[in-house]
Amino acid sequence: MLVLWRRKWIVLGVFLAFACSAAIVSKMLDKVYETKSVLIVAANSKGQTFDQVQASQALARSYEQIMGSPNIAQLVADRLADGTTKDYVLEHTDSEPIPQTQLINITAEDPSAARAKHVANTFAAVFVRYARRNLVGTTDARISIADLAPLETEAARPKPTLYTLIAALLGLAVGVGLAFLRDRLDHRLRTPTDVEARFESPVLARVPRKGRSDTQIAAFNEAYRILRTNLQFAAGNARLDSLAITSGAEGEGKTTTVVQLAIASAEVGLRVAILEADLRRPALQARLFPNRTEPLRPGLSNYLVEGTPLEEVVHQTGRPGVNLVPAGPIPPSPAALLETQRARGIVDALLRDHDIVLVDCPPLNVAADASIVAGTVDGVIVVVDLNTSKEDTVRDAIRRLRTVHAPLIGLLLNRDRGAEVSRYDYYLSPKKRGKREDEVPVG
């Protein structure tokens, strides 16, 4: 049921495609009318004994075999005398004895109801005449028309309702099959259960989608407070004074996590330094200084290349307790710059004036930048976007960190649809129902 709910659009789409296609096609098909005349065969006798009835039924079956002869079809075509051919008669008529009776049905079909009736009655009359001339003397039986074919007002086919129902059932079966096939081939991570079942790393927090309502904003902010609290116990007795936040691929929310975790840490009185180590595609300035258009200088690359003093590259963000070391000018070789001795010592240098350092790293699938930085901090958090992350990407990210013996603390699940938000509404006082002043605009 979980798979079907997750892939409901596949099931619904295939179901509707089959049903609608069948409905449209059946409406476009030409109508065919079908009608029947009935013959009765009886053995000549003074009384209808059981044996006589059985003999009559056998004669009816024998006569039905003769009706399918091309010679009979030619006689019917000649009798119609309207250009009808023998092949038309063979293709559009049929005869069948009614089980346990002495009756024979002669069925005719045609796009015209009147013509179908005419062909069926003509066939019956021709065969009765033929049998009386050629068969009655041998079989000693009587044959006559029991019922003439009526003029049908409703087409025998197509049957749009029946066709649509069959197509809908078939589409439902195909849709369910495709849903399970898609789920089997899909390596994306959808739920916390998927993550916990496939990886040994603990889930530190679950961040819901950020909405616009007070409850959604409260849930979003509270998720990072939970992350801050869980980090205090994640490393046991070890201190987590420096943390690197990265992801398996770009666009999973690592920069937002850095900013929100910094704000949550500053709320409890910690002095936080944010180090922007993503020297390839820096994004922190847009988050922390949305109204500033000119690049924030000097930055990390100035500190590493030009020897700019550390105090000059630390910028106040306007949020109490939160400072930023921006990326600075983008260097030609970020990985080589991050491997320098000066780069390896900047975290410890920042900790002299701050309680915690949060490092915004590039994604782990981009060169070796994040792996280099991960070896210089007390812990690493990998952000997993439950909308886009794939198992292979996360597994490769964890493998890269373990290869360099990085201290992986756990995973943060971002855009988790299953994270409950309604419970936070209780904690929103009337004063806090407006937009928080320290809320950071995120994409």
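Values for this structure:
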| read-out | value |
| --- | --- |
| Amide N proximity, the stretch 100-125 versus Q74 label position 7 Å along Cα-to-Cβ, cut-off under 19 Å | 123-124 |
| Ratio of the Cα radius of gyration of the chain to 2.2 N^0.38 Å, where N counts its residues | 1.86 |
| Electrostatic dipole magnitude of the stretch 261-419 [Cβ: Lys, Arg +1; Asp, Glu -1; Cα centre; debye, to 20] | 300 |
| Cα gyration tensor category, rounded, prolate or oblate, for the stretch 116-196 with a/c compared to 1.5 | prolate |
| Dipole of the chain, positive end: most advanced residue of L279, A367, H118 [Cβ charges, Cα centre] | H118 |
| Anisotropy class of the stretch 188-284 from Cα gyration tensor, a/c 1.5 cut | rounded |
| Which of L337, V53, V203, positive extreme of dipole for the chain (C-beta unit charges) | V53 |
| In the chain, lysine pairs with alpha-carbon atoms under 14 angstrom apart (chain gap of 8 or more, or interchain) | 4 |
| Integer Hz, Karplus 6.51/-1.76/1.60 couplings in order for the stretch 87-96, x for Gly and Pro | 5, 4, 5, 5, 7, 10, 10, 7, 10, 7 |
| Average accessible surface area per residue within the chain, 1.4 Å rolling probe, Å² | 52 |
| The chain, accessible surface, carbon-and-sulfur percent (1.4 angstrom probe) | 53 |
| Total charge dipole magnitude, the chain, about the Cα centre, Cβ charges on Lys, Arg, Asp, Glu only, Debye to nearest 20 | 620 |
| Distance in nm between pseudo-label sites at R297 and Q100 (7 Å out along the Cβ direction from Cα) | 10.1 |
| Computed label-point distance, nm, for sites H405 and K86 using a 7 Å Cα→Cβ extension | 9.6 |
| Simple Cβ-charge dipole of the stretch 135-199, Lys/Arg +1 and Asp/Glu -1, about Cα centre, in debye nearest 20 | 380 |
| Within a Gaussian network of the chain (alpha carbon springs, distance under 10 Å), most fluctuating of E96, E200, E222 | E96 |
| For the chain: relative contact order, % (alpha-carbon pairs under 8 angstrom, 6 or more apart) | 19 |
| Relative contact order (%) - the stretch 290-413, alpha-carbon pairs under 8 angstrom, separation at least six | 18 |
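The values are calculated or read from the model by the stated rules, or taken from the named source; none is laboratory data. Treat the numbers as computed from the prediction; the structure is a model and nothing was measured. Neighbour counts are summed over all protein chains in view; Cβ atoms, including those assigned to glycine, are modelled from backbone coordinates with ideal geometry. Just the protein is used for accessible areas: all its heavy atoms, side chains included, with ligands, DNA and RNA removed. Shrake-Rupley method; radii C 1.70, N 1.55, O 1.52, S 1.80 Å.
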